[in-house]
There are 2 protein chains.
Amino acid sequence: MSEREPVIVFALFPGVTQLDFTGPHQVFSRLPGARVILASAAGGAIETDGITFAGLRRLAEIPACDVVCVPGGAGATDNAIGDDAFLAELRRLAATARYVTSVCTGSLVLGAAGLLRGRRAACHWAWRDLLAPFGAIADPGRVVRDGNVITGGGVTAGIDFALTVVAELAGRETAQTIQLAIEYAPAPPFNAGSPETAPPAILARAEDHNATARPRRRQAVMQAASRLAAG
Amino acid sequence: MSEREPVIVFALFPGVTQLDFTGPHQVFSRLPGARVILASAAGGAIETDGITFAGLRRLAEIPACDVVCVPGGAGATDNAIGDDAFLAELRRLAATARYVTSVCTGSLVLGAAGLLRGRRAACHWAWRDLLAPFGAIADPGRVVRDGNVITGGGVTAGIDFALTVVAELAGRETAQTIQLAIEYAPAPPFNAGSPETAPPAILARAEDHNATARPRRRQAVMQAASRLAAG
C-alpha cells in the first residue's frame with residue numbers, strides 16, 4: 001500500500017458503538033489523500049445506537065489496506081468475538097496491513113482473531129482483564145503501541161488514537177493541523193471519565209451495570225480463546 | 001415535552017461535519033429514556049465525509065422536541081445559512097424546545113434563523129467573528145450557556161457540550177455515569193487543539209486554508225443577516 005494515499009478500513013459489525021469509529025473516522029477523513037472505508041462482513045447497512053450507516057463495503061471485497069481498525073460495542077462485541085468468518089477477514093487484512101488497530105473492546109476482537117499474542121494492548125477500562133485469555137498483555141494506557149499494533153481505550157479514546165496513527169502515517173505536523181481543525185482542546189465538564197477519577201458512587205453504579213453483561217462476555221472470550229488454542 | 005423522556009433532534013443538512021453530531025449523539029443515546037432523532041429537510045439519507053447516514057426523518061414530521069441541535073460543516077454551513085425552509089423548521093422547533101443548541105458552525109445557522117439575537121454563543125474558533133452580523137455575542141468558551149441557548153465550539157466540543165446538556169436534563173450524576181461509560185478522560189497526543197496553543201506554523205497553515213473559504217462564508221452570513229433584518 002502506498003504511503004502517500006493510505007487506505008484505512010474500519011471493520012464494523014451490527015451493534016458496534018458508533019463513536020468508536022466515527023471519532024477516528026473524522027480524524028482520518030482529513031488526512032490528505034487517505035481513503036477511509038467503512039466495511040462489514042455483509043456490506044450494506046448497519047443500525048446501531050439509533051443511527052443507520054449505509055453504503056458499507058463487504059470486507060471480502062477489500063484486497064488490502066494500510067490500517068485495519070476494529071471498534072467495539074456492548075453485547076455486539078461478544079457476537080463479533082464468536083464470528084469465525086469475520087475474524088478470518090480481520091486476519092487476512094492484518095497480514096499485510098502496516099498497522100493493526102482497535103478502539104475500545106475492539107481489542108477483544110483482535111485478540112479473538114489471534115492478532116494480539118504477546119502484545120500489549122488497550123481496552124475499555126471495564127473489560128481490560130479479558131485480554132489475558134488471548135495471550136495479550138492488558139495496558140491501562142489510553143493509546144498503546146506495541147510494534148505495528150496500536151490500540152485505544154474506551155469509546156472517546158478513539159480520537160486520541162487516531163491522532164496518534166496520523167502522526168505515524170504522515171507526521172506530527174499533519175496530526176496537529178487536524179487537531180486544530182477539529183478544535184480538539186477537550187474540557188470535560190466533570191472529571192468522571194476513568195475509574196480512578198470518577199466519584200465512588202458513579203463507579204459502583206457502572207460496575208453493577210457491567211456485572212450483568214460480564215458472564216456472557218466472559219463466556220464468549222473463553223470459547224474464542226479455546227478455539228484459538230486448538231486452531 | 002416530558003422531562004423523563006426527552007426528545008432530542010439533530011437538524012442535519014448535506015455536508016454536515018459528522019463528528020459534530022455523532023459525538024453528542026453517543027452521549028445522548030445513553031441518557032435513560034431519551035429519544036434521539038436524526039432529521040433533515042428532505043429526510044432519507046445524507047452523505048458526508050465519506051459516510052452515508054440513512055433513515056433520517058423529515059424535520060416537518062417532528063411536532064416538537066426538548067432539545068434541537070444544529071451541527072456545523074465546512075461549505076455546507078453556508079448552504080444551510082441560506083436555506084429559508086430549513087431555517088423556518090429550526091424556528092418552529094426552537095419556539096417550544098426547552099433548549100436551543102448547536103455545535104461548531106451550527107451557531108451561525110442558529111444566528112441566520114434569528115435565534116441568537118443578543119445571546120452569547122460559541123462557534124468554531126475560525127468563524128466566531130461571523131456571529132456578530134446576527135446580533136449574537138461571540139464567546140470563546142468551549143460550551144456557552146445563555147438562557148436556554150447552549151452552544152459548543154468546534155467539532156470535538158460537541159462531547160463536552162452534550163455532557164453539559166445531559167447534566168441540565170437529568171443531573172450531574174447521570175452525566176458523570178455516561179462520561180465514565182464512554183471513558184471520556186481525554187489525553188490528546190499534542191497540544192494543538194486551539195489557536196492559543198497550536199504551534200504558530202500550524203495556526204498559519206490553518207488560517208491560510210480557512211482564508212480560501214472565508215469570502216463565500218462571509219457573503220452567505222451577510223446576505224442572511226440582511227434578510228433577517230428585513231424580515
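The H on the amide N of A:Arg35, modeled in the peptide plane, is under 5 Å from the matching H of A:Val7, A:Ile8, each at least 5 residues off or on a different chain. Label points for A:Ala95 are taken 7 Å from Cα along Cα→Cβ. From this copy to the others they lie 6.3 nm apart, shortest first. Shielding by partners for peptide B:135-143, expressed as the average number of C-beta atoms from other protein chains within 10 Å of each residue's C-beta, is 1.
Based on the reciprocal of the average 1/r between different C-alpha atoms, the Kirkwood radius for the protein assembly as shown equals 22.2 Å.
Each Lys and Arg Cβ is given +1 and each Asp and Glu Cβ -1; about its Cα centre, chain B then shows a dipole of about 440 debye.
A straight chain from A:Arg216 to A:Arg117 at 0.36 nm per residue would run longer than the Cα-Cα distance by 33.4 nm.
Counting Cβ atoms of other protein chains within 10 Å of each Cβ in B:120-130 and taking the mean gives 1. Shielding value for A:204-211 is 2, the average number of Cβ atoms from other chains within 10 Å of each residue's Cβ.
Between copies, the label points at B:Gly135 (set 7 angstrom from Cα along Cα-to-Cβ) are spaced 6.8 nm, reported in nanometres from shortest to longest.
At the listed q of 0.08, 0.11 Å⁻¹, the Debye profile of region B:7-230, built from one uniform point per Cα, gives log10 I(q)/I(0) equal to -0.26, -0.50.
If R0 is 22 Å, the Cβ-Cβ spacing of B:Arg227 and B:Ala132 corresponds to a FRET efficiency of close to 0.85. Electrostatic bookkeeping for A:Leu203 treats Lys and Arg as +1 and Asp and Glu as -1; over the other residues with beta carbon under 13 Å from its beta carbon, the sum is -4. Note: region B:159-231, Cα convex hull, 154 Å³ per residue. The Cβ shell under 15 Å around B:Gly118 holds other residues with a net charge of +2, Lys and Arg each +1, Asp and Glu each -1. Relative to the current alpha-carbon distance between B:Asp84 and B:Thr52, full extension at 0.36 nm per residue lengthens the span by 9.1 nm. Distance from the C-alpha centroid of region B:167-204 to that of region A:35-103: 27 Å, rounded to the whole angstrom. For chain A, a Gaussian network of Cα nodes joined below 10 Å ranks A:Leu108, A:Leu12, A:Leu130 by mean-square fluctuation, and the top entry is A:Leu130.
Just so you know, all these numbers are worked out from the coordinates, no wet-lab data involved. Worth saying up front: this structure is predicted, and the values here are computed from it rather than measured. Because the Cβ atoms are built from the backbone with ideal geometry, glycine has one as well, and the counts that use them run over all protein chains shown.
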